[in-house]
2 protein chains.
Amino acid sequence: MDDNYSKVLLDESEMPTQWYNIIPDLPVPPPPPLHPGTREPIGPDDLAPLFAMGLIEQEVSSESYIDIPGEVLDIYRLWRPSPLLRARRLEKALDTPAKIFLKYEGVSPAGSHKVNTAVPQAYYNAKEGITKITTETGAGQWGSAMAFATAQFGLECEVWQVRASYDQKPYRKTMMEIWGATLHPSPSDLTEAGRAILAADPNSPGSLGIAISEAVEMAVQDENTRYALGSVLNHVLLHQTIIGEEALLQLAKVGETPDVLVGCTGGGSNFGGLSFPFLREKLAGRMNPTIRCVEPASCPSLTKGEYRYDFGDTGQLTPLVKMHTLGHTFIPDPIHAGGLRYHGMAPLVSHIYDQGLVEAEAIHQTECFEAAVLFARTEGIIPAPEPTHAIAAAIREALRCKETGEEKVILTALCGHGHLDLASYEKFLAGELVDYDYPAEKVAAAMAQVPVID
Amino acid sequence: MDDNYSKVLLDESEMPTQWYNIIPDLPVPPPPPLHPGTREPIGPDDLAPLFAMGLIEQEVSSESYIDIPGEVLDIYRLWRPSPLLRARRLEKALDTPAKIFLKYEGVSPAGSHKVNTAVPQAYYNAKEGITKITTETGAGQWGSAMAFATAQFGLECEVWQVRASYDQKPYRKTMMEIWGATLHPSPSDLTEAGRAILAADPNSPGSLGIAISEAVEMAVQDENTRYALGSVLNHVLLHQTIIGEEALLQLAKVGETPDVLVGCTGGGSNFGGLSFPFLREKLAGRMNPTIRCVEPASCPSLTKGEYRYDFGDTGQLTPLVKMHTLGHTFIPDPIHAGGLRYHGMAPLVSHIYDQGLVEAEAIHQTECFEAAVLFARTEGIIPAPEPTHAIAAAIREALRCKETGEEKVILTALCGHGHLDLASYEKFLAGELVDYDYPAEKVAAAMAQVPVID
């Protein structure tokens, strides 16, 4: 390989053919999810009305590796293996001795890592005879990914998009429609949940919590319909581990091992996908990277939240899961990284953070957009608002290396491009982007609503 | 290589290090450009106020191969070599025995092939001490590419964007500003050309012809400023030949040679970039592909225009070049493929068409968008409006193969993604996209304005 390489590619024949399940390798097993009624650990049957059985099996699997079906590999190959970028021009601009690597998932059809799980979710549903998927979307990344994935298996796809986002981002809607999905602004009059909200407020801008309730309600009513979730759950993080498995192979190709791994965390699927294979290597003593979550300072579930059983949604429809939470009724300030505006954190990410296996830090959005513009001017790619957090954290680390002279290898994930998020850059460039103080009182009020589980 | 491959990649070390100049290999040399005043062949000195000398040398070069400077290769490596896609899922949907290959340029920072020439143009200007580039942009692809390229060499970049586009496409504007360019809606009050138009019509929506006049006027006034053009000229097509050179290597990797090569033509740079290396092989008797230009039915310079000396711009500021033209005052109907709305055609593409070395066909935009939606649903990528023409032509060919049973290898260029063009898809999906009949009377009126050169 040329010493001056800008990216490390893998041939399709080198693409990993298994997902990695970290659970069997953890020193302490993660606490089980609880039934919201009985507060007893839930079993597969409790989840059957919502998810395909193939996915439920993965959710509770104790196998370390799960084969990726051939039909899924065929679709992954449209864009995978994704490139590992070496940000030499950014390093030079920072005048740092550090090496910065970014695993770039923006090459996927929908423009982010979300497709890595949307495709197997569509596959297992289609295999079990399901004909329709319902889901929600906020910023639009997940809905786009599911629209693309369902098109590959001839499934119908109905997406409830948060009303405010539906109105403000017509291009995301168009993208989903190109792939054949049907969209509804949420709240809609198609569900009881939606009608109740509209009765109280006909002009409700909606919320992710409401949209989840609508999509779930529609799924459980029809035996040929299932619901799909784009983050948080174990099987979602499992599917995303192909990111980290590829990155391991790519770094090995150029003889590098990471000293620091940073990843942005909203629901936790991008972070888990990148970091779990490296955490496996660390637990096995084969490498020793510092692994760090980066979250928005205005929605800091890991650095400020409590590790408690809470609901995954505002409407209390989901099981109770033990996670770092700001309270299921907490509504984050309107930062532009819509994908990071979630009150909780994936139970698996919460567990490893609680175990001290990973660190966390929180960054304000103006620092993130400053980092993203420097990145775009040096490396070309315009990042989505979510991974601007990862880039800001990588730059912080690289600047520390500049001070200490350490030639650290920094690895992060550039989990999506920002082509459909340029309005947020427009605001930043116009000086109109604001940072929000940590809303301590709002969080305290939300935490008071979290059920007390012994 | 896996028999079931979806894309053919090259390692960075396999990237071509020379551009290919087709002129020495042509059976008949192309006619020279003429000075608009003297109507004598122009020399390098006539172009010096507009372009860097390194680019002028390439414009008139008689060398077959020109080394790509290392600094340009370093930047190309951010996204090059670009992938060659095999559209297996599209082939299956069409039930065709044909093999469809697409050289995908949407992986570049600005999202199209335009960056391939923007980078060397910025490089040669910077090398000669130029500090600012002026240019125009219509749809925004070229302006974005130049904004990115100038950022790599610390050059200022001033872009005159057609007013209607400036107002309708705020995201393209934001993209250019992220990379540090300064934008002006055109007509502007910064130039004599702009002020004259505004005096006559303060609400003028502008045109590419006016924007060119403004950018040229600003460039010639300052000895440290030069102008940049994104298509048509020989040196622009030269830079784009890296597309075809890579595609040749990629097809060789999988043991294929093209039977049919189709490429969309606006100014001709994408088509020339893909096809010239294959035309070299054809002229040398090493392969025998049919090579075909695809143009919009409402702006069919090759299939309906005359091969005559004409101006490259509405304002008659450019040299007279022999090309297929609909008349320099012709204003095409508002199809969504803004990059194909040009009255003329690159002199080199016109010449080889006149010589019978390539064919041409014209397609209406609704057929193109139908093809693009089928492509997006099967292969994932949402094409820019311009390459929807290439995809529609490839599908026509593949369907002919279905009838005849021929297993032809079809090669085309997917020269950009459509992430910033989703409004045109929205119109198509809503059934609001119309086809425009060939405007025979408008063309006749415009052709009457074309100077008569003996």
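The values are calculated or read from the model by the stated rules, or taken from the named source; none is laboratory data. These figures come from a predicted structure and were not determined experimentally. Heads up, the Cβs are rebuilt from the backbone with ideal geometry, glycines too, and the neighbour counts pull from every protein chain shown. For accessibility, only protein heavy atoms count, side chains too; no ligands or nucleic acids. Shrake-Rupley method; radii C 1.70, N 1.55, O 1.52, S 1.80 Å.
Would you mind computing Rg(Cα) / (2.2 N^0.38 Å) for the stretch A:53-170, counting N as its residues?
Here the answer is 1.31, to two decimals.
Given charges of +1 on the Cβ of Lys and Arg and -1 on the Cβ of Asp and Glu, with all other atoms neutral, how large is the dipole of the stretch B:147-297 about its Cα centre, in debye to the nearest 20?
About 560 debye.
Could you give the dipole magnitude of the stretch A:334-396 about its Cα centre, charging the beta-carbon of Lys and Arg +1 and that of Asp and Glu -1, in debye to the nearest 20?
Using only the charged Cβ atoms, the result is roughly 140 debye.
Return the whole-Å distance between the Cα centroid of the stretch B:373-397 and the Cα centroid of the stretch B:174-189.
When both Cα centres are located, 30 Å separates them.
Positive end of the charge dipole of the protein assembly as shown (Lys, Arg +1 and Asp, Glu -1 on Cβ, about the Cα centre): tell me which of B:Val409, B:Leu320, A:Pro31 has its Cα farthest that way.
Checking the options against the dipole of the protein assembly as shown, the answer is B:Val409.
How far apart, in nanometres, would the label points at B:Ala423 and A:Glu256 be if each is projected 7 angstrom from Cα along the Cα-to-Cβ direction?
The answer from the label model is 4.0 nm.
To make sure I understand the rule: partners must be lysines, Cα under 17 Å from the Cα of A:Lys402, and not fewer than 8 residues away in the same chain. Which ones qualify?
A:Lys92, A:Lys99
Could I have the simple spin-label model distance between A:Asp25 and B:Thr366, label points 7 Å from Cα toward Cβ, reported in nm to one decimal?
According to this spin-label approximation, the distance is 5.6 nm.
Once the whole set of protein chains is in place, how much accessible area is left on A:Val434, using a 1.4 Å probe, in Å² to the nearest 10?
A:Val434 exposes around 80 Å² with every protein chain in place.
Students sometimes get this wrong: rank A:Arg400, B:Arg88 by accessible area, probe 1.4 Å, all chains present, largest first.
Accessible-area ranking of A:Arg400, B:Arg88, largest first: A:Arg400, B:Arg88.
How big is the stretch A:230-375 along each principal axis, measuring the range of its Cα positions in Å and listing the largest first?
Result, largest extent first: 48, 36, 24 Å.
When every alpha-carbon pair in the stretch A:147-243 is counted, what percent end up more than 16 Å apart?
61 percent
What are the label-to-label distances in nm, one decimal and shortest first, from A:His35 to the same spot in the other copies, with labels 7 Å along Cα to Cβ?
Its label point is 9.3 nm from the equivalent points in the other copies.
Pick out, from B:Thr131, B:Ile56, B:Ala440, the residue whose Cα sits farthest towards the positive end of the charge dipole of the protein assembly as shown, with +1 on the Cβ of Lys and Arg and -1 on the Cβ of Asp and Glu.
Final value for the positive-end residue is B:Ile56.
Considering all projection directions equally, how large on average is the shadow of the alpha-carbon convex hull of the stretch B:301-346, in square nanometres?
3.1 nm²
Run the dipole for the protein assembly as shown about the Cα centre, Lys and Arg Cβ at +1, Asp and Glu Cβ at -1, nothing else charged, and hand back the magnitude in debye, nearest 20.
320 debye
How much net charge surrounds A:Ile56 when only the other residues with a Cβ under 11 Å from the Cβ of A:Ile56 are counted, with Lys and Arg +1 and Asp and Glu -1?
With Lys, Arg at +1 and Asp, Glu at -1, the net is -4.
Quick one: in chain B, whose Cβ comes closest to the B/A rotation axis, and how close in angstrom?
B:His419, 2
Starting from the Cα-Cα distance between B:Glu128 and B:Thr404, subtract it from 0.36 nm times their residue separation and give me the gain in nm to one decimal.
Residue separation times 0.36 nm, minus the Cα-Cα distance, leaves 93.8 nm.
Setting aside same-chain residues fewer than 8 positions from A:Lys253, which aspartates and glutamates have a Cα under 17 Å from its Cα?
Within the straight-line cut-off, A:Lys253 pairs with A:Asp2, A:Asp3, A:Asp11, A:Glu12, A:Glu14, A:Glu245, A:Glu281, B:Asp11, B:Glu12, B:Glu14.
Roughly what percent of Cα-Cα pairs across the stretch B:13-113 reach past 23 Å?
Here the tail beyond 23 Å accounts for 54 percent of pairs.
Using a Förster distance of 45 Å, how high is the FRET efficiency between B:Ala196 and B:Glu40, based on the Cβ-Cβ distance and rounded to 0.05?
0.95
Within chain A, which complete DSSP H helices have Cα atoms spanning at least 15 Å along the helix axis and a mean Kyte-Doolittle hydropathy of -0.5 or higher?
A:115-127, A:141-152, A:208-221, A:234-253, A:269-283, A:365-379, A:385-404
Could you pull out every one of the aspartates and glutamates with an alpha carbon less than 18 Å from that of B:Lys304, ignoring same-chain neighbours closer than 8 positions?
B:Glu295, B:Asp333, B:Asp354, B:Glu359, B:Glu361, B:Asp435, B:Asp437, B:Glu441
Between B:Gln18 and B:Asn203, what FRET efficiency comes out of the Förster formula 1/(1 + (r/R0)^6) with R0 = 60 Å and r the beta carbon distance, rounded to 0.05?
Computed FRET efficiency for B:Asn203 and B:Gln18 comes out at 0.80.
For the stretch B:161-308, state the average projected area of the convex hull of the C-alpha atoms over all orientations, rounded to one decimal in nm².
12.7 nm²
What gaps in nm, shortest first, separate B:Gly129 from its twins in the other copies when you place the label 7 Å past Cα toward the beta carbon?
Shortest to longest, the spacings are 8.0 nm.
Could you work out the mean projected area of the convex hull around the alpha carbons of the stretch A:254-332, in square nanometres to one decimal?
The orientation-averaged projected area of the Cα hull of the stretch A:254-332 comes to 6.4 nm².
I'd like to check one number: the per residue accessible area of the protein assembly as shown, probe 1.4 Å, reported in Å² as a whole number.
34 Å²
Over the Cα atoms of chain B, what Rg and Dmax result, in angstrom?
Every Cα atom of chain B included, Rg and Dmax give 20.6, 64 Å.
What spacing in nm lies between the two simple spin-label points modelled at A:Glu63 and B:Glu71, each 7 Å away from Cα in the Cβ direction?
The two pseudo-label positions are separated by 5.5 nm.
Just going by the charge dipole of the stretch A:320-454, with Lys and Arg at +1 and Asp and Glu at -1 on Cβ, which of A:Ala394, A:Ser424, A:Gly338 is farthest out on the positive end?
A:Gly338
Quick one: order B:Arg292, A:Arg89, A:Arg172 from most to least accessible surface, probe 1.4 Å.
A:Arg89, B:Arg292, A:Arg172
In Å, what Rg and Dmax follow from the Cα atoms of the stretch A:412-454?
Just the Cα atoms of the stretch A:412-454 yield Rg and Dmax of 17.5, 50 Å.
How big, in percent, is the set of alpha carbon pairs in the stretch B:366-438 lying more than 14 Å apart?
62 percent
For the stretch B:145-201, taking Cα atoms only, what is the radius of gyration to one decimal and the Dmax to the nearest whole Å?
Considering the stretch B:145-201 through its Cα atoms, Rg and Dmax are 12.5, 39 Å.
So how much accessible area does A:Thr17 have, in Å² to the nearest 10, using a 1.4 Å probe?
Roughly 80 Å² of A:Thr17 is accessible to a 1.4 Å probe.
Could you give the alpha-carbon Rg of the protein assembly as shown over 2.2 N^0.38 Å, rounded to two decimals?
So the protein assembly as shown has a normalised radius of gyration of 0.95.
Quick check: with the 1.4 Å probe, what order do B:Tyr65, A:Tyr124, A:Tyr20 take by accessible area, largest first?
B:Tyr65, A:Tyr124, A:Tyr20
Counting only the heavy atoms of the protein chains, how much of A:Arg341 is accessible to a 1.4 Å probe, in Å² to the nearest 10?
About 80 Å², ignoring ligands and nucleic acids.
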